[in-house]
Amino acid sequence: MRWSVHRGFSLIELVIVVVIIAIIAAIAIPRMSRGAAGATDSALSADLRTLRNAIDLYAQEHNGAYPSVANINATPGALTAYSDDQGNLCATKTGNFIYGPYLRVLPGIPLGTEKGAGTFAAAANTGVGWVYDATQGTVTANTGTLTDAAGKLYTAY
């Protein structure tokens, strides 16, 4: 009798490899998708922290007065331009315009129906990224009833 040697994989070996790959994919794919959602949550938290710090610094340098919604949205804006102690704005650092700028650009909101909008308003409106209370200096995200993976409203960040 003559024995022939066949090189290759048997059907059982191939099925086992495919099953192992499927198990690994079933574990990895949900973890990757949670990571993307977590990145958006982190981006929103970071943007809010940056905006709140800039508004607080503005208030410290302007005798406790917070910038108005109109001044923040102006071109140049209260957070992206130079200002004097009265809150008047100038694109360049000249004369009494010695404060600021506090930000290079206003960040756009990273999620929701208003994604990318970097404008401020006193109330949630279409096309507005950030809801701002100029009397208290508080800023929140204009995300309506959207929640993160833990069920927390983005407006509560």
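On full extension of the chain, what length is gained from Leu57 through Thr94, given 0.36 nm per residue of separation minus the C-alpha to C-alpha distance?
Working: separation 37, 0.36 × 37 = 13.32 nm, distance 2.00 nm.
Here the answer is 11.3 nm.
Go ahead and run the numbers for FRET between Glu13 and Ala149, Cβ-Cβ distance against an R0 of 35 Å, rounding to 0.05. It comes out at approximately 0.35. Between Ser42 and Lys115, the modelled label-to-label distance comes to 1.8 nm, taking each label 7 Å out from Cα in the direction of the beta carbon. The value given for segment 71-157 is a Kirkwood hydrodynamic radius of 14.0 Å, derived from the mean inverse Cα-Cα separation. Annotation for segment 33-109: chymotrypsin sites (Phe, Trp or Tyr not before Pro) lying in DSSP loop with at most 12 further Cβ atoms inside 10 Å of their Cβ do not exist. With the biggest extent put first, the Cα atoms of the chain measure 103, 35, 24 Å across the principal axes.
Ignoring the sites themselves, what is the longest stretch of the chain with no trypsin sites (Lys or Arg not before Pro) in a DSSP loop and at most 16 other beta-carbon atoms within 10 Å? With a cap of 16 other Cβ atoms within 10 Å, the longest stretch comes to 8-92. Within the shell of other residues whose beta carbon sits under 13 angstrom from the beta carbon of Gly112, the net charge comes to -3, with Lys and Arg scored +1 and Asp and Glu -1.
Pairwise Cα separations in segment 39-96 fall into 10 Å bins from 0 onward with the following percentages, short to long: 24, 47, 22, 7, 0. Spin-label model, Ile23/Val105: points 7 Å from Cα along the beta carbon direction are separated by 4.8 nm.
Rule-based calculations on the coordinates, nothing more; no lab input. Note that this is a predicted model, so its numbers are computed, not measured. Cβ sites come from the backbone with ideal geometry, for glycine too, and all protein chains shown count toward neighbours.
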